[in-house]
Each structure stands twice: as C-alpha cells, then as structure tokens.
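J.: Provided herewith is a single structure, encoded as structure tokens, for subsequent inquiry.
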C-alpha cells in the first residue's frame, strides 16, 4: 500500500483536475453571466415581460434538472467523453440560438437548449476515472472552487461584456467557452484506461430510493432548492432596484457585484472555520438562512438608496456564499457510506430545479407586485427553509473513504460489524462488484492509515 500514501498528485492527475475544473468553470460562466444583466437588458427584446424574463433566467434549470442524473448514468454505459462532447456541443448550440434571437421567446429556447447539455455528473465521473482514491477529494475540491470562482467572475464579467457587445455578444462568448471546453477535454485532459464505477462520484440505482426517503438529506435538498430559487428571483429584483431606486445605470452594475462578491467571500471564511472546527455546522446553517431572510426584508423596507442597496447586497452574498459552501459538505457528512454520489446527484437536481422555479416565480412576482413582491416572496421562501431546517440534527463530523479489498477480505464474515465497533467509524458498507469498502470515519478519532491497517489485518 506504499503508493497509497503518496502525498502529491501525479502529473496526469493534476492535468485531469485542472482541465476538468476549467471545463466546469467555462460552462458555469456561460450559465451565470446572464444573471446580472437579463432583467435590465432583456427588456429591449421583442415580446419581453418580467414574467418571460424570469423564465429566461431560470429556463436552463428545467432541462438540467431533468437530464442531470440520466446523462450521468449514460456515461457509465457509453463512456464519459462522448457524453461530455455532446453536452458541450448542445450547450454551444443553445448559446448560438440565444445570440441570434431578437425576441425573448428565442432567448428562452436558447436557455432551455443550454441546460440540455447536462454534463456535470459525467465530468465528475471522468475525474474519478483519472485520479487515485487518496487524491480524489482534493481534485473534487478544485472543481468546487472553480465553480465558486466562475460564479464570482460571471457577476462582474457579464455586465462588462453586455455593456460592450450587447446580449448577443454575451451569448456568443458563452458558445466560445463551450467549444474551448471541448478542446480542453480532447487535448489537455489525459485519457482514462477504463470506466470506474464509483459510488462516491456517480448515481447508483439501488441507492436512489433510500436517498429520496432520507429525511436528513431531503432537508438539505430542499435547502439548495430554496437557495437557488432565492438567488434567481433576487436577480430579477436587484438589477431593477439598482436602476430604479439606486439611480445606477445598468452599465455600471459590475462594480456593485465585484464589491459584494469580494467582501462576501472574505466575510464567510470565519463562519466556515467556526462551523467545522467547533463542530457547529447546524448553528452556522440556521444563522445563514436567517440572515438571508433578513436581507430580503432589508431590501423590501430599506432598499431605497444606492448605499443601502450595496450594503444589503454585500450581506446577501456573505450569507449566500456561506450556504453554497456549507450545503455540499453537509450532504457528504450526512449521506450513508457508499451513497454520496447518489445523494449529490439528487442534490444537484434540486439545485437546478430551484433555479428554474426561482426565475419563473421572481418574474411573475415582479410583473404583478413589483419589487415588493419579489423581495417579500424571497423572504417567505427563506422563512419556509428556516422552519424546515430547525429540526435537523447536528451532522456527523465524518470523512468518506473508499478502500480496495483483497479477495480474502471480501470473503471475511463480519468485517463491517467489526469495523463499526471501532471508535471513530460511523458507517461502513462492502460493495462486492467494486471489490471495495466504503467507510465514514471521524478523523479526530481515527486516521486513514489506522483504517487501512484494520482492513489489512482482517
């Protein structure tokens, strides 16, 4: 097991992690760059109404939610790269359709087609194929960071690109990014020697129903649905509020988002450290949801000047970034051993569904009730999440491990029960078809080396 403890990623593992993180980032940029601009610039399109603008903002989430899990399962059967290539081509075609649209209906059709390029699960599965077990968490963290960074960049670059080239230029840029993603996968990401069926990074059919019945996971799925619904709805209200109540021309919105995102990213760090180190993630989660609700009420009651709006947007992004970073970590902690990939698949589907619902709800509320309706509706959504989250249990502070098993260990009767009796082991399950065991351990009580010794001695 010597090479198991090699601390550094190999060159091919680093290329896989960097290349696939960039593919994710380019695609997320394309998804999110329209968010801060569509509510203002979209009103110039033929047939635009606030409700249709909201549908255009959230439309990609509908097809993402429907196709996310099926495309991941398809990649297990026909290979990762064909699914990724097709998904990126579909995304590029959706971008071109939106770029050439002169009506809001054309943009909606383009956004729906963009969402049909649902490659997230296939990209994560390819990353699993290309990285060793001990480096996989690090590689997936790189992808998570690239997604967060791309969202921040999109909030700033979207308004700047649209100011220079219009909505058409913005969508053309997203098509170019999708094509660049294809070049990266083809020329930079190493080839895999085979497909790894891995329950921590892919959806497993047998785990799907138990995952959907797990109340602790459902709370978190509902949370990400509400979080992205609030995000999409808020970005119908906030750009309009900056123009109408803050007196800030739409061409200058970029500096507001840059300020808010930078302060928001730094502002969340102490709370993340407190939650993990002091094992107070439930308290941090509830506090963040309450803060999100108070931000929406603040926009409703006090968002009548540019200064007050900027202050509110900064606080909004501290709460949003904190929740966006915390929820996947909580899913990983709460999911039973061997079910993390399935739990993350359902979680991602909930996230995209929330984006679709939020866009549609925000547009409808703005059309019928103005900014008051949007911010009031978002506050009600946050309150519903708070009520649902209050009853959650403090999550277990555990890390997931997947370790290969020898033929002798696979035949060992009672291996799981003996492991579960070890202090620090929270859960374990043997998956015979993978010749592996999935274990959840409290790393403050037990380290990976100790677990490996236990299995070797079995």
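J.: Quick check on residue 387: is it surrounded by 15 or more Cβ atoms within 10 Å (Cβ to Cβ) and outside any loop (DSSP other than H, G, I, E, B)?
T.: No, not satisfied.
J.: Return the residues of the range 409-458 that are in contact (Cβ under 8 Å) with a residue 40 or more places away in the chain and loosely packed, with under 14 Cβ neighbours inside 10 Å; say none if nothing qualifies.
T.: The answer is 433, 443, 444, 449, 456.
J.: Are there helices (runs of 4 or more DSSP H) fully within the range 1-101 with at least 1 residues that are touching a helix residue (DSSP H, G or I) at 6+ places or on another chain (Cβ under 7 Å) and within 30 Å of residue 447 (Cβ to Cβ)? List them.
T.: 11-32
J.: Go through (1) crowded, with 24+ Cβ neighbours inside 10 Å; (2) touching a strand residue (DSSP E or B) at 6+ places or on another chain (Cβ under 9 Å) for residue 333 and report which single condition fails.
T.: Going through (1) crowded, with 24+ Cβ neighbours inside 10 Å; (2) touching a strand residue (DSSP E or B) at 6+ places or on another chain (Cβ under 9 Å) one by one, residue 333 breaks only (1).
J.: Another question, then. Does at least one position in the range 420-427 carry a residue that is assigned to a helix (DSSP H, G or I), at pLDDT 80 or above and at negative phi?
T.: Within the range 420-427, one or more residues are assigned to a helix (DSSP H, G or I), at pLDDT 80 or above and at negative phi.
J.: Looking at (1) surrounded by fewer than 23 Cβ atoms within 10 Å (Cβ to Cβ); (2) touching a helix residue (DSSP H, G or I) at 6+ places or on another chain (Cβ under 7 Å); (3) at pLDDT 95 or above, which one does residue 402 not meet, given that it meets all the others?
T.: The one condition residue 402 does not meet is (3).
J.: Out of 27, 77, which single residue is surrounded by fewer than 17 Cβ atoms within 10 Å (Cβ to Cβ) and either at pLDDT below 90 or farther than 20 Å from residue 174 by Cα (or both)?
T.: Among 27, 77, only 77 is surrounded by fewer than 17 Cβ atoms within 10 Å (Cβ to Cβ) and either at pLDDT below 90 or farther than 20 Å from residue 174 by Cα (or both).
J.: Given the residues 264, 275, 303, which is the only one that is closer than 20 Å to residue 395 by Cα, surrounded by 19 or more Cβ atoms within 10 Å (Cβ to Cβ) and touching a residue at least 40 places away in the same chain (Cβ under 8 Å)? It would help to see each step written out before you state the result.
T.: Details: 264 fails: closer than 20 Å to residue 395 by Cα; 303 fails: closer than 20 Å to residue 395 by Cα.
None of the others qualify; the one that does is 275.
J.: Now for a separate question. I'd like the full set of residues that are in contact with a strand residue (DSSP E or B) (Cβ under 8 Å, 6 or more places away or on another chain) and modelled with pLDDT of 70 or more, limited to the range 181-199.
T.: Just the residues of the range 181-199 that are in contact with a strand residue (DSSP E or B) (Cβ under 8 Å, 6 or more places away or on another chain), to begin with: 198-199.
The one that is in contact with a strand residue (DSSP E or B) (Cβ under 8 Å, 6 or more places away or on another chain) and modelled with pLDDT of 70 or more: 199.
J.: Here is a follow-up. Can you confirm whether residue 223 is in contact (Cβ under 8 Å) with a residue 12 or more places away in the chain and more than 23 Å from the chain's Cα centre (by Cα)?
T.: Numbers: in contact (Cβ under 8 Å) with a residue 12 or more places away in the chain: yes; more than 23 Å from the chain's Cα centre (by Cα): no.
Judged against the criteria, residue 223 is not a match.
The values are calculated or read from the model by the stated rules, or taken from the named source; none is laboratory data. Values in this document were obtained by computation on a predicted structure and should not be read as measured data. Every residue, glycine as well, gets a Cβ built from its backbone with ideal geometry; the counts of neighbours run over all protein chains shown.
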